[in-house]
Amino acid sequence: MEQFGMLNVMTSLEQNATQLNQMLSGSNQPYAAPILSVANDVSQMLPQLSGMNPNRQQVDQLRQQITDMRMAIQQAHNDILQAEEAPLQTYRDSLGQQKDEFEGASAFAQPGMNATAYDALQTFRQSRKLLDCLDQFNSDLMSLSQGLEHQVQPQGKTPSTTNSDFEHDPAPVLPD
């Protein structure tokens, strides 16, 4: 990944870390702490990466940290999906046969029609926004990892894969 691409990824990561902090500050959900920890770790890592010309060992360590962060994000993602079940059930239970009427009403009318269903719907929508942000954060972490790997890859000629290139290759030796 070129330097400009890395800068874009790092900028996006910083913006997503800030957004995650804003979305989860004060949250008592069990998934909030791991997400906030990863967002904080990324915010601390990014300034160190600016202008860094890492060697293979540094890249391997950074990529392992990124992998660990991505695993924590995936676990939080699963926890959020599981936590979504309660507001969805509350939404369904509180509306019953009035679901179509409620969904056809304006956003201004819905709270007055059924405050419980409206609150459950808002909780669900917030979790969806959080999941979208986490997905983008995870994607940017993958791009960062890939960009770091490209920084230490040899800058040589890409091998051609035409059939003529293999005409003079010896046959593989199979074990006995």
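Values in this text are rule-based calculations from the coordinates and carry no lab data. These figures come from a predicted structure and were not determined experimentally. Quick reminder, even Gly has a Cβ in these numbers, built from the backbone with ideal geometry, and neighbours come from all protein chains shown.
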Additional length obtainable on full extension of the chain from residue 100 to residue 29, 0.36 nm per residue less Cα span
22.5 nm
Give me the tail of P(r) for the stretch 1-47 as a percent: Cα-Cα pairs with distance above 15 Å.
46
Placing each pseudo-label 7 Å from Cα in the direction of the beta carbon, residue 132 and residue 53 end up separated by a distance in nanometres of 4.2
In what order do 25, 139, 145 fall by count of nearby beta-carbon atoms within 10 Å, going from fewest to most?
25, 139, 145
For the chain, built as a Gaussian network whose Cα springs stay under 10 Å, the top-fluctuating residue of 34, 111, 87:
111
At a threshold of 8 angstrom on Cα-Cα distance, excluding pairs fewer than six apart, so keeping six or more, what relative contact order does the chain reach in percent?
35
How far is it, in nm, from the label point at residue 122 to the one at residue 74 when both lie 7 Å from their Cα along the line to the Cβ?
3.5
Given GluC sites (Glu not before Pro), DSSP loops and at most 12 other Cβ atoms within 10 Å, the longest exposed-site-free stretch of the chain is 3-166
Of 39, 72, 107, which has the largest mean-square fluctuation in a 10 Å C-alpha GNM of the chain?
107
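Could the peptides 17-24, 64-71 be put in order, highest first, of the mean number of other beta-carbon atoms found within 10 Å of their residues?
Working: 17-24: 17.1, 64-71: 15.2.
My ranking of the peptides, most packed first, is 17-24, 64-71.
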If 137, 102 are placed from fewest to most neighbouring beta carbons inside 10 Å, the sequence is 102, 137
Do the sum for the chain: with -39,500 (n - 2.57) for every DSSP H run of n ≥ 4, divided by all residues, what is the mean residue ellipticity at 222 nm, to the nearest 500 deg cm²/dmol?
-25500 deg cm²/dmol
Given (1) 41.6, 151; (2) 34.4, 130; (3) 23.9, 79 as candidate values of Rg and Dmax of the Cα atoms in Å, which corresponds to the one derived from the coordinates?
(3)
Among the DSSP H helices of the chain, those whose Cα atoms extend at least 24 Å along the helix axis and whose mean Kyte-Doolittle hydropathy is -0.5 or higher are 3-24, 32-49, 115-152
Alpha carbon centroid spacing (whole Å) that separates the stretch 85-139 from the stretch 23-62:
31
